[in-house]
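Just below is one structure, and these are the notes that go with it.
The values are calculated or read from the model by the stated rules, or taken from the named source; none is laboratory data. Computed from a predicted model, the values in this text were never measured in an experiment. Positions of Cβ are generated from backbone atoms using ideal geometry, with glycine treated the same way; all protein chains shown enter the neighbour counts. Accessible surface areas use protein heavy atoms only, side chains included; no ligands, DNA or RNA. Shrake-Rupley method; radii C 1.70, N 1.55, O 1.52, S 1.80 Å.
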Amino acid sequence: MVGLPARGKTHIARRLARYLSWLGYSTRVFNVGNYRRARLGSQKDQSFFDPDNAEASAARAEVAKVALDDMVAWFADGGEVGLYDATNSTRERRLQVADRCRAAGLQVVFVESLCEDEEVIESNIRQTKLHMPDYANFDPERAVDDFRQRIANYARVYEPVVPDEGSFVKLIDVGRRLEAHRIQGYLPSRLVYFLMNLHPIPRPIYLTRHGESLFNVEHRIGGDSLLSPRGEAFAARLSGFVAKEIGEDREISIFTSTLRRTIETARPLGRTTVEWRALDEIDAGDCDGMTYEEIQRRLPDEYESRESHKFDYRYPRGESYRDVIRRLEPVIVEIERERTPVMVVAHQAVLRALYAYLMDRPPHECPHIEVPLHTVIKLTPTTYACAEERIALGPTASAITRP
Ligand code: F6P
């Protein structure tokens, strides 16, 4: 990462880390600020960041090196994407980082956040910086002043990344403009694609399964059945919920799968919906339409195999949770891109995968996340994560859980 303080570097690094971990890469953020606070104490005033303060500059360079050493060691241990989260504000510092990484055989992409919009900077200082341990027990106005001085100290020596430094992406004014240079290969390209769609505007994301289906009543998996009477009652309640929560005049983007039970659940909302094949339920292949008891009886090896490694288990001629995550990637980018509230009406396995991304849960946990029928999960982005609320709308549906 590259950028002056309060340019959203940590936010971007964490969002990238969440996305890449969810896609299955071993990913970790190395935040040099945390190393500094742990090693040198958190309460340093702006003079500590003055480039003319030789002693402090040496101490800062030292903690940056320790964090870099840790990152390189972590790569040697099997890490795949390391996000080195620091200001890296001079060409000299970046050269040291890049030389060290390249010597270890690592590919380097600089992600620079540039922003001169005073309103954005002010809001970033107030929302995130004032809550840092650096300013615990500080008068807020004094803290804002001190942080502004800290930024000014960095700005005196700041050098933006230039083309001869190698691959980079520049996010200018919170993604209003993006510049990419020498981005090659699959992963760096995914990174740019993701960053192009990222924005910091918080809006709720609602996840809900379809109303109870006729297959749910019979405890059968998969299929394309219609709603049961209880499922229809849920659809009507969902419509009332959205009308109250969003109101008639506000927009909400509604995504469904291409299966009838989600389309029918969204119909009473009376709004435009987008059908995504990527949101269709996990493909149970040869087991589609069976109950779990039938699978256990007729295909005991398959049943046991799924029990023992549910995340990687792939149904014969069907999918695994890992496969589901892969096909959901464009949906995630679309959810990130939307600036209005989003409601996803989908299925148990698919929503578990989306939930794991939004709540930053390790992917292998997703087959076990609870996503009950007739319950709306409301996730509201906070600075670095999401706040969660579960709203049970009823009526009580038949429990479809593994025997
Ligand atoms: O039972 C409902 C259902 O959506 C099935 O169609 C699907 O196979 C299943 O849930 C996914 O849950 P699990 O991975 O726990 O079997």
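Backbone amide hydrogens, once placed in the peptide plane, bring Val111 within less than 5 Å of Val2, Val169, excluding anything fewer than 5 places away on its chain. Between the helical axis of 91-103 and the longest alpha-carbon principal axis of the chain there is an angle of about 60 degrees. Per residue, the chain exposes 46 Å² of solvent-accessible protein surface, assessed with a 1.4 angstrom probe and all protein chains in place. Phi angles of region 380-387 translate, via the Karplus equation with coefficients 6.51, -1.76, 1.60 and θ = phi - 60°, into HN-Hα couplings of 10, x, 10, 3, 10, 8, 9, 8 Hz per residue; Gly and Pro are given as x. When the solvent-accessible area of the chain is split by element, carbon and sulfur atoms take up 48 percent of it, the probe being 1.4 Å. 3J(HN,Hα) along region 239-248: 4, x, 4, 5, 4, 6, 6, 9, x, 6 Hz, from the Karplus curve 6.51 cos²θ - 1.76 cosθ + 1.60 with θ = phi - 60°, whole Hz, x for Gly and Pro. In region 334-403, the inverse of the mean reciprocal separation of distinct Cα atoms equals 13.4 Å; this is its Kirkwood hydrodynamic radius. Ordering Gly289, Gly211, Pro268 by the projection of their Cα atoms onto the charge dipole of region 205-392, which places +1 on the Cβ of Lys and Arg and -1 on the Cβ of Asp and Glu, puts Pro268 at the extreme positive end. The slack in the chain from Asp173 to Thr380, taken as 0.36 nm per residue of separation less the alpha-carbon distance, amounts to 72.2 nm. The accessible-area ordering, largest first, of the residues Thr128, Thr272, Thr258 stands as Thr272, Thr258, Thr128, per a 1.4 angstrom probe. Region 155-232 and region 247-262 have their alpha-carbon centroids 18 Å apart.
Taking each DSSP H run with n ≥ 4 as -39500 (n - 2.57) and averaging over every residue of the chain yields -13500 deg cm²/dmol at 222 nm.
Size check on the chain: the Cα extents along the three principal axes, sorted descending, read 73, 49, 38 Å. Cross-link pairs exceeding 25 Å in C-alpha to C-alpha distance, out of Lys44/Lys129; Lys9/Lys244; Lys9/Lys65; Lys129/Lys244; Lys44/Lys65; Lys9/Lys310, comprise Lys9/Lys244; Lys129/Lys244; Lys9/Lys310.
Here the Karplus relation 6.51 cos²θ - 1.76 cosθ + 1.60, evaluated at θ = phi - 60°, turns the backbone of region 357-366 into coupling constants of 5, 5, 9, 6, 9, x, x, 5, 7, 4 Hz, with x for every Gly and Pro. Pairwise Cα separations in region 191-286 fall into 5 Å bins from 0 onward with the following percentages, short to long: 3, 12, 20, 20, 17, 12, 8, 6, 2, 0.
Compared with the rule-of-thumb size 2.2 N^0.38 Å for a compact globular protein, region 9-196 has a Cα radius of gyration ratio of 1.04.
Cα gyration tensor of region 213-355, axes a ≥ b ≥ c as square roots of the eigenvalues: rounded (a/c below 1.5), prolate (a/b > b/c) or oblate? Oblate, since a/c reaches 1.5 and b/c is not below a/b. Counting only residues at least eight positions apart within a chain, or on another chain, the aspartates and glutamates with an alpha carbon under 17 Å from that of Lys378 are Glu245, Glu251, Glu336, Glu338, Asp360, Glu370, Glu388, Glu389. Net length available on complete extension from Asp139 to Ile201 is 19.6 nm, with 0.36 nm assigned per residue and the Cα-Cα distance removed. Taking every C-alpha pair closer than 8 Å and separated by at least 6 residues, the mean separation divided by the residue count of the chain gives a relative contact order of 18 percent.
Is there a quick way to get the dipole size of the chain? I mean about its Cα centre, with the Cβ of Lys and Arg at +1 and of Asp and Glu at -1; what is the value in debye to the nearest 20?
The calculated dipole for the chain is roughly 20 debye.
Taking amide H as placed 1.01 Å from N in the peptide plane, the amide H of Gly211 sits under 5 Å from that of Thr265, each at least 5 places away or on another chain. Look at the alpha carbon pairs under 8 Å that are at least 6 residues apart: their mean separation over the length of region 9-196 gives a relative contact order of 25 percent.
You can think of it this way: the chain between Arg337 and His181 has 53.9 nm of extra reach, that is 0.36 nm per residue less the Cα-Cα gap. Cα centroids of region 343-388 and region 52-95: 34 Å apart. In this structure the amide hydrogen of Thr258, modeled in the peptide plane, comes within under 5 Å of the amide hydrogens of Trp276, Leu279, Asp280, none closer than 5 places in sequence on its chain.
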